[in-house]
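For reference, the structure is listed below as structure tokens.
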Amino acid sequence: MCGRIALYDEPGQLARMLDAGVDPEVMGHWRRSWNLAPTDRLLGVAERHDERLLRAYRWGLVPSWSKTPDLKGTFNARAESLATKPMFRSAFRKSRILVPADAFYEWEKLDAKRKQPYAFRRADGEPMVFAGLREWWRDAEGHEQNTATIITTAAGPDMPIHNRQPVVLEPSNWEMWLDPMFTDVESLQPLLVPTVKGTLVHHPVGKAVGNVRNDGPELITAVALDGDTVQNSL
């Protein structure tokens, strides 16, 4: 799964990388974060009328037909069931987005009570670009939300501590993924695979990242593991 990310690159830089414009609302309200969690605002690029736009999305997809935004477990969508699960199948067909992130966190289960967090990043130092889906939702009072989910797949060789990982799309696949006119989901499915060996690197981080109230660059700082003790290495 992917339930915590870091996003600290400037929106303008991310938009240039993804060949997109920037929603003015993003520039007015965006702030760096090293500890984004579900229901927080992440960034995503969608394409509409041949225009790409980077905008903010509530992390946790809410289908347009839902009567409530308080859905559980929709911050991730399993690649294997996108085409059949009612929650995601419409968005998979026509509302796909690219979700940039500088890092994501995953926890290794050490025993029944202890878990060790790790930060994962691209080995080449570039931001990661996850495959995502979006939905526009309106409540009974007319309040609107743009919502999104990050797609996950089986763990690849760069994910030794968990059985799932987010789908990381390479630039050669961005255009097909964003094209709203491309609705052949069977042809899109082969994109939703684990990263090839050497794409991602990871290092242990301090346990403070486990508390969503904590934020700051210190959360992604590498630490050294010394038996049962985690000690700062920097």
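Observations
- Where a residue in segment 134-151 is more than 18 Å from residue 94 (Cβ to Cβ) and free of Cβ contacts under 8 Å to residues at least 12 places away in the same chain and its partner, wherever it lies, is in a strand (DSSP E or B) and not hydrophobic (A, V, I, L, M, F, W, C), with Cβ under 7 Å and at least six apart: 144/138
- In segment 96-138, residue surrounded by the most Cβ atoms within 10 Å (Cβ to Cβ) [restricted to those that are small (Gly, Ala, Ser), within 17 Å of residue 209 (Cα to Cα) and under 12 Å from the mean Cα position of the chain (by Cα)]: 101
- For segment 153-171, residues that are free of Cβ contacts under 8 Å to residues at least 60 places away in the same chain and buried (at least 16 other Cβ atoms within 10 Å of the Cβ) total 6.
- Here residue 50 meets the list (1) crowded, with 17+ Cβ neighbours inside 10 Å; (2) on the phi > 0 side of the Ramachandran plot; (3) of a type outside the set (Gly, Ala, Ser) almost entirely, failing just condition (1).
- Within segment 76-94, residues that are free of Cβ contacts under 8 Å to residues at least 60 places away in the same chain reach partners that are among the charged types (D, E, K, R) with beta carbons closer than 6 Å, at six or more positions or on different chains, in the pairs 91/135.
- Number of the exception - residue 215 against (1) free of Cβ contacts under 8 Å to residues at least 60 places away in the same chain; (2) at negative phi: (1)
- Applying a threshold of 8 Å to beta carbon distances and a minimum spacing of six or more residues, or different chains, the list of pairs starting in segment 44-55 at a residue that is closer than 14 Å to residue 101 by Cα and ending at one that is surrounded by 10 or more Cβ atoms within 10 Å (Cβ to Cβ) and acidic (Asp, Glu) reads 54/23; 55/23; 55/25.
- Check on residue 60, within 14 Å of the chain's Cα centre (by Cα), at positive phi and surrounded by 13 or more Cβ atoms within 10 Å (Cβ to Cβ): yes
- Any hit, segment 78-95, residues being of a type outside the set (A, V, I, L, M), under 12 Å from the mean Cα position of the chain (by Cα) and in a strand (DSSP E or B): no
- When segment 205-220 is limited to residues that are over 14 Å from residue 104 (Cβ atoms) and crowded, with 17+ Cβ neighbours inside 10 Å, the one that is farthest from the chain's Cα centre (by Cα) turns out to be 206.
- Unique match (being among the hydrophobic types (A, V, I, L, M, F, W, C) and over 20 Å from residue 37 (Cα atoms)) among 91, 131, 77: 91
- Exclusive hit being within 27 Å of residue 108 (Cβ to Cβ) and either at pLDDT below 95 or not β-branched (Val, Ile, Thr) (or both), set 20, 6, 56: 6
- Pair list, Cβ < 6 Å and 6+ apart or interchain, from segment 1-28 residues that are of a type in the set (Lys, Arg) to residues that are modelled with pLDDT of 95 or more: 4/37; 4/105
- Some residue of segment 137-149 being outside any loop (DSSP other than H, G, I, E, B), of a type in the set (Asp, Glu) and touching a Phe, Trp or Tyr at 6+ places or on another chain (Cβ under 9 Å): yes
- Residues that are closer than 15 Å to residue 129 by Cα and more than 11 Å from the chain's Cα centre (by Cα), drawn from segment 27-46: 45, 46
- For segment 172-185, residues that are out of contact with any Phe, Trp or Tyr (no Cβ under 8 Å at 6 or more places or on another chain), without any contact (Cβ under 8 Å) to a residue 40 or more places away in the chain and assigned to a helix (DSSP H, G or I) total 3.
The values are calculated or read from the model by the stated rules, or taken from the named source; none is laboratory data. From a predicted model like this one, the values you see are computed outputs, not experimental measurements. All Cβ positions, glycine included, derive from the backbone under ideal geometry; neighbour counts span all protein chains shown.
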